[in-house]
1. With a cut-off of at least 2 residues that are of a type in the set (D, E, K, R) and under 21 Å from HIS144 (Cα atoms), name the strands (runs of 3 or more DSSP E) lying wholly within the stretch 161-259.
2. Can you find even one residue in the stretch 80-102 that is touching a Gly at 6+ places or on another chain (Cβ under 9 Å), surrounded by fewer than 24 Cβ atoms within 10 Å (Cβ to Cβ) and over 30 Å from GLY221 (Cβ atoms)?
3. Quick check, is VAL46 more than 18 Å from the chain's Cα centre (by Cα), open to solvent by 20 Å² or more (accessible area, probe 1.4 Å) and without any contact (Cβ under 8 Å) to a residue 60 or more places away in the chain?
4. Could you check how many residues of the stretch 34-60 are within 15 Å of ASN82 (Cα to Cα) and outside any strand (DSSP E or B)?
5. Which of the residues that make up the stretch 129-158 are among the aliphatic types (A, V, I, L, M), under 14 Å from the mean Cα position of the chain (by Cα) and open to solvent by 10 Å² or more (accessible area, probe 1.4 Å)?
6. Which count do you get for residues in the stretch 66-117 that are in contact (Cβ under 8 Å) with a residue 60 or more places away in the chain, farther than 20 Å from ARG138 by Cα and either of a type in the set (Phe, Trp, Tyr) or in a strand (DSSP E or B) (or both)?
7. For the subset of the stretch 1-21 comprising residues that are assigned to a strand (DSSP E or B) and closer than 18 Å to ILE96 by Cα, which member is least open to solvent (accessible area, probe 1.4 Å)?
8. Could you count how many residues in the stretch 217-244 are of a type in the set (Phe, Trp, Tyr) and either touching a helix residue (DSSP H, G or I) at 6+ places or on another chain (Cβ under 7 Å) or in contact (Cβ under 8 Å) with a residue 60 or more places away in the chain (or both)?
Amino acid sequence: AIVKGGVGVSGDNIKIRGRGILCGNDWKWRQGPGAMIGMRKATNVVIEDIILRGSWGWTIPIYNCDSVTITNIKLVCSRNPNDDGINPVNSQRVFIRDCFIRTDDDCIAMKGTDLGSDNDNVEYITVENCILWSDRARIFLLGHESRAQYMRHIVLRNLDILHFNMSPFLFEPGEEMSIEDVFVENVMINADYPAQSGEQTFDLIRLRPTINQYMKTQVPGKINNIQFKNIALTGEEKEGWYPIWVIGADEEHEVTNVTFENISWFSHLLNENSSQAKIEE
């Protein structure tokens, strides 16, 4: 079946499954009915074996939910801007496995917004065994909207990144939020340079507490206990592109306890003396 529309989810013990297509091609940017699959205050949700095509905005936003499992779905989007693939927002225990995600905007963006739940943390999030492709933006964005105390206990592993434009791993907390206990392992990344980049280059990894226009409280956040292991960047090597940045904001908003192990940058194994590794206090 091809179903044109969106699905709104709230409540407990919900399954959305099948072998058909949920299609948003009939709606212009931000004019569709809610989200393609939008979840609010739901628990024990299973989504599996569906193709989602042509989102008009955030494709699968997950607001204030607990225990969401997303398995074997295919997001074939990149028709509109702001078509984030999956957004765990102030949610816990979200498991994303065996998926293909192509978007124009971020593939996976974790956010904190003003939703007034008993637990506003973004925590216990796992993304594994997935193929990811962003045409314009990041693969993983943690932060920017940062109205939560913690974004923590996050595992990103066994991933194949086919294409990205901005940094594939951008961790930028603000509003005093702490990003901590993040483990990234076994990731293959294909470098495919933007045709219209000009003098602009993009980062491979950026860990930086920051302030931006999305934050109500204009102060940076914090980053602690982050591990990247077995990361391989492949493709055509180009001088100056895809460095790794670790940048603290000030003495109260630092980046601490970060480990890089077996990071291959176009077949060059990085170490503390590599020019691609840039650390600023």
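The values are calculated or read from the model by the stated rules, or taken from the named source; none is laboratory data. A quick note: this is a predicted structure, and the numbers were derived from the prediction, not measured. FYI the Cβ positions are ideal-geometry reconstructions off the backbone, even for glycines, and counts take in every protein chain you see. Please note that ligands, DNA and RNA were not included when accessible areas were found on the heavy atoms of the full protein model with its side chains. Shrake-Rupley method; radii C 1.70, N 1.55, O 1.52, S 1.80 Å.
1. So the answer is 178-191.
2. No; the residues of the stretch 80-102 include none that is touching a Gly at 6+ places or on another chain (Cβ under 9 Å), surrounded by fewer than 24 Cβ atoms within 10 Å (Cβ to Cβ) and over 30 Å from GLY221 (Cβ atoms).
3. yes
4. 9
5. Listed by number, the residues that qualify are ILE131, VAL155.
6. Residues meeting the conditions: 0.
7. VAL9
8. 0
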